[in-house]
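Report on one structure; see the data block that follows.
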Amino acid sequence: MKNLDKNYNPKSFEDRIYKTWKDGQYFVAKIDENKKPFTIVMPPPNVTGNLHLGHALNNTLQDILIRRKRMQGYSALWVPGTDHASISTEMKVVQKIESEGKTKAELGREEFLKEAWEWTYEYGGNIKNQLEKLGVSCDWSREAFTLDENLSNAVQEVFIKMYKDGLIYRGDRIVNWCVSCGTAVSDAEVVHKDESGQLWHIRYPFKNKEGYIVIATTRPETMLGDLAVAVNPNDERYEDIVGETLVLPLVNREIPIISDEYVEMEFGTGMVKITPSHDPNDFEVGARHNLGQCVVIDEKGYIPEGYGKYSGKERLEARKAIVADLEKLGLLDKIEDHEHSVGHCERCGAVIEPVISKQWFVKMENFAKEALEVYKNGEVNLIPSRLGKVYENWLTGTRDWTISRQLWWGHRIPIYYCDDCGEIIVSKERPEKCTCGSTNLRQDPDTLDTWFSSALWPFSTLGWPEKTPDLEYFFPTDVLVTGYDIIFFWVIRMVFSSLYNMGKVPFKDVYFTGLIRDSQGRKMSKSLNNGIDPLEVIDQYGADALRFTLVTGNSPGNDMRFYMERVEANRNFANKLWNATRFIFMNLDEDNIKNIDDLELENVDKWIISRANNLIKNVDENIDKYEIGLAADKIYDFVWNEFCDWYIELVKTRLYNSDLERSIKAQSTLIHVLDIILKLLHPFMPYITEEIYSIMPNKKDMLINETWPKYESSYEFINEEEKIDIMINAIKSIRNARAELNIAPSKKAELIFSSKDRNSIDTLKELTEHFKTLGGASSVKFLEEDLDENIDAISIVQNKFKIFIPLADLVDYSKELERLEKEAEKLKSEIKRASGKLSNEKFTSKAPEKVVQEERDKLVKYEGMLEEVNSSIEGIKAKL
Ligand SMILES: [Zn+2]
Ligand SMILES: [Zn+2]
């Protein structure tokens, strides 16, 4: 007979099995009109990134959903791919060339992009190989990259369409600028932190009269760009100075005092400097009052030409010099300490500088409305539903989306400017000449926000804008599995991009994962050095144990803590299944395996078949609700407790015995149930289940391609389940009682059952042999009367019968008395609880009659049991 290797060693088969699946084209989804499609697109990791636990969780969940649907007969497509991640890749490449003593500018665009592609080729394969280790069954033949030719074409197509529809415009805007990354960043990429800083109070002298006003600012260097001072129109203090002219210190620019509702009367002196080019609110004020623009901090964070000694200084250096000069001139009123919120670049941590620049924008008003509508009418379903609040919040009052980035690595904006007539031409290809005849055309140097291309991911990966058969068959996708931290960046943008280009939502369900934290609940980070490398975990415990750990003890949208102890426990679970299988196959003869429908099965066989049948239903219900962790728990409990600890133990003697008939039934049931276990567990632990399946009799194909089990009402054996449950409870009670009295498990004793209930006695009689093998019975006797009180015995009270273990010389009576008294206490508190409930008029009048009756029945049952226990106590007391 075939069997598994002696030890469970995942390293010896995981890579081999993955290769067999991949080479055998098992992951390739085919367009099949006789099958329903089921589609998932993988959230594309950064092409040069490395696998972290978040990816591992996210991809395990997708793999579970895909593997199950594939087994259920769907044409299940999981599209993998990577993102070019413009800003983070560009940063890494810049660091590399700088370490070689070169700069981006020296290298030039073309050479720089060559470097970036080389970098991508060098590191781009890592994450794919790492994902394969995890066991992902995605269709690598359809792998996509956001900079692929067809995906780039989709990006250009959308940009041009939006431009022509008036949804994209170029404008002056204050943008969040990172001087260190050298690019604009979106609001969502700015991290605000409260910091202690200072508030400088500066005197601005009047031009036409004596005296000055005082302005407070946290960024004194920006005063070089002041174009006005504003007060609130309702501020009576300043009524008569509106319209006066001030002379801006250090630059001697004449600026007016204006009034604008935006000024808060309570803040500082109630007067604010207006610097339209370096503050978003001032930008709006400047536009209302036609103040124009004045840029005093350039894109590298330096003061530009035209500001004398300050020109060429870095912004903070300039601040020092300006403050010192104001002090010398007697124009520094005072300096106060000040707590305020400062924006930092999410990528590099540098302080964000609001600067004015020409940027491209997508108008959000209509897109936001549409994305909100499909959520509200249920076309897009969020799991867990509470995250709908976050989704809605992002869509109310959202600002236009800045899509241009001052980077080279990415999709270049398909816009050309004519240097002679100023014409703007939108085109995929470089136009030969302008309508004015000029050939002096310049392409916009900027690239698009990475999210602009990933917003198209659910359809661009399927071939859009071409009308491909894939797009026709597999779109819209079924579910997106992603982190809740990118609802706005990605989920919402996919929704409106898909509505705009496809006229349909991109997916029906969005399953949000939480963050994985360390065992103390902290975020995993480089600075804490508490990160866990999934590949090291796989190396030590196998991919199956890691996968199982990630999905158990975890529910949608909630953060989870990661404990290595749990990985170890799940490896032990795999080990348990491995050893159980080895035991089964050691005692198996393939020729003996019959279809269970053709056999007169025994009670315990029917019990486990019924339990397995129920498990199918439970697992299906939970996965359908995306309660994947609960589904995994159910399988774990069934395999460990019911199958390994009970059923296998219960049938061991039948396997060893010479009664072939009985052994055949046991062998056939073991195989029937093991088959269900392997199939249900396969999506969670694909490797070990596939390895075990390879030795299963009657297998048709690899497990990955087998049929998912179905719940069958004909396999529901309620009577047998009840009987075996009674038996298991009785054996557990016997074991507990013996353990409390420190009786060695090997010491056999007579068991006596007594009951006035004929049915109970009949059931117990049928199960005699199990009490012998698992209940420590040397022999079993049945009485319809209670045992003679004068015989020394442990007595165990069950619902409809009592168990006695006569043990004249085995037992310490005082301990037995103690045990019985504990039992009596337990029953008393149950009685107190039940009678309390029944004497509560609210309960008896309001609860359904059925519930009240159940409570009455319980009370009667407990009172009966207590009476029995008490009489046993009396019996022992008499002997002492
Ligand atoms: Zn930055
Ligand atoms: Zn022209």
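The values are calculated or read from the model by the stated rules, or taken from the named source; none is laboratory data. From a predicted model like this one, the values you see are computed outputs, not experimental measurements. Positions of Cβ are generated from backbone atoms using ideal geometry, with glycine treated the same way; all protein chains shown enter the neighbour counts. These area figures cover heavy atoms from the full protein model, side chains too; ligands, DNA and RNA do not enter into them. Shrake-Rupley method; radii C 1.70, N 1.55, O 1.52, S 1.80 Å.
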Exercise. Could you say which residue among 35, 133, 114, 69 is of a type in the set (D, E, K, R) and assigned to a loop (DSSP other than H, G, I, E, B)?
Worked result: 35
Exercise. Considering 472, 429, 466, which residue is under 23 Å from residue 36 (Cβ atoms), more than 16 Å from ligand 2 (Cβ to nearest atom) and either at pLDDT 95 or above or in a loop (DSSP other than H, G, I, E, B) (or both)?
Worked result: 472
Exercise. Which members of the range 1-32 meet the condition of being basic (Lys, Arg), over 18 Å from residue 67 (Cα atoms) and in a helix (DSSP H, G or I)?
Worked result: 11, 16
Problem set entry | Search result, residues across the range 661-695 that are open to solvent by 10 Å² or more (accessible area, probe 1.4 Å), without any contact (Cβ under 8 Å) to a residue 60 or more places away in the chain and out of contact with any Pro (no Cβ under 9 Å at 6 or more places or on another chain) | 661, 694
Problem set entry | Candidate set: the range 267-295, residues that are modelled with pLDDT of 85 or more and acidic (Asp, Glu); chosen: the one surrounded by the fewest Cβ atoms within 10 Å (Cβ to Cβ) | 279
Exercise. Quick one: which of 705, 698, 657 is within 23 Å of residue 15 (Cα to Cα) and open to solvent by 50 Å² or more (accessible area, probe 1.4 Å)?
Worked result: 705
For this session: Collect the residues in the range 246-305 that are over 20 Å from residue 200 (Cα atoms), among the aromatic types (Phe, Trp, Tyr) and not in a helix (DSSP H, G or I), keeping them in residue-number order.
Result: 262, 302
Problem set entry | Residue list for the range 26-50, filter: without any contact (Cβ under 8 Å) to a residue 24 or more places away in the chain and of a type in the set (S, T, N, Q) | 34
Seminar exercise, completed: Filtering the range 72-111 down to residues that are assigned to a helix (DSSP H, G or I), open to solvent by less than 50 Å² (accessible area, probe 1.4 Å) and free of Cβ contacts under 8 Å to residues at least 60 places away in the same chain yields 94, 97, 107, 108
Seminar exercise, completed: Note on the range 450-475: residues open to solvent by 20 Å² or more (accessible area, probe 1.4 Å) and touching a Pro at 6+ places or on another chain (Cβ under 8 Å) are 473
For this session: Kindly indicate which of 302, 238 is among the aromatic types (Phe, Trp, Tyr), modelled with pLDDT under 95 and in contact with a helix residue (DSSP H, G or I) (Cβ under 9 Å, 6 or more places away or on another chain).
Result: 302
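Residue by residue, here is whether (1) at pLDDT below 95; (2) open to solvent by less than 40 Å² (accessible area, probe 1.4 Å) holds:
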position: 589; (1), (2): yes, no
position: 601; (1), (2): no, yes
position: 611; (1), (2): no, no
position: 629; (1), (2): no, yes
position: 641; (1), (2): no, no
position: 645; (1), (2): no, no
Exercise. Across the range 510-543, what is the total count of residues that are open to solvent by less than 30 Å² (accessible area, probe 1.4 Å) and charged (D, E, K, R)?
Worked result: 1
Seminar exercise, completed: Subset of the range 730-780, residues among the acidic types (Asp, Glu) and under 22 Å from residue 865 (Cα atoms), comes to 740, 757, 762
Problem set entry | Pairs, first within 15 Å of residue 837 (Cα to Cα) in the range 851-870, second hydroxyl-bearing (Ser, Thr, Tyr) and surrounded by 13 or more Cβ atoms within 10 Å (Cβ to Cβ), C-beta under 7 Å, six or more apart | 852/844; 859/835
Exercise. Quick one: which helices (runs of 4 or more DSSP H) sit completely within the range 606-703 and have at least 2 residues that are of a type in the set (Lys, Arg)?
Worked result: 649-656, 660-681
Seminar exercise, completed: Considering residues that are out of contact with any Lys or Arg (no Cβ under 8 Å at 6 or more places or on another chain), closer than 26 Å to residue 744 by Cβ and part of a loop (DSSP other than H, G, I, E, B), the number found within the range 802-850 is 5
Problem set entry | Sole residue being free of Cβ contacts under 8 Å to residues at least 60 places away in the same chain and either in contact with a Phe, Trp or Tyr (Cβ under 6 Å, 6 or more places away or on another chain) or within 16 Å of ligand 1 (Cβ to nearest atom) (or both), chosen from 525, 438, 519 | 519
Seminar exercise, completed: Scanning the range 583-593 for residues that are outside any helix (DSSP H, G or I) and within 14 Å of residue 673 (Cβ to Cβ) gives 588, 593
Problem set entry | Where residue 218 falls short, out of the listed (1) within 30 Å of residue 261 (Cβ to Cβ); (2) out of contact with any Phe, Trp or Tyr (no Cβ under 8 Å at 6 or more places or on another chain) | (2)
Exercise. Hey, does the range 383-391 have a residue that's under 21 Å from residue 456 (Cα atoms) and either in contact (Cβ under 8 Å) with a residue 60 or more places away in the chain or acidic (Asp, Glu) (or both)?
Worked result: yes
For this session: Please verify whether the range 374-394 includes one or more residues that are within 16 Å of ligand 1 (Cβ to nearest atom) and basic (Lys, Arg).
Result: no
For this session: Would you check if residue 160 is assigned to a helix (DSSP H, G or I), of a type in the set (Val, Ile, Thr), more than 16 Å from ligand 2 (Cβ to nearest atom) and within 25 Å of the chain's Cα centre (by Cα)?
Result: no
Seminar exercise, completed: Filter the range 489-508 for residues that are open to solvent by 30 Å² or more (accessible area, probe 1.4 Å) and touching a residue at least 24 places away in the same chain (Cβ under 8 Å); the one that is farthest from residue 75 (Cα to Cα) is 500
Seminar exercise, completed: In the range 438-457, anything over 30 Å from residue 475 (Cα atoms) and either part of a loop (DSSP other than H, G, I, E, B) or under 34 Å from the mean Cα position of the chain (by Cα) (or both) is listed as 438, 439, 440, 444, 445, 446
Seminar exercise, completed: In the range 140-163, anything farther than 22 Å from residue 46 by Cβ and among the aromatic types (Phe, Trp, Tyr) is listed as 159, 163
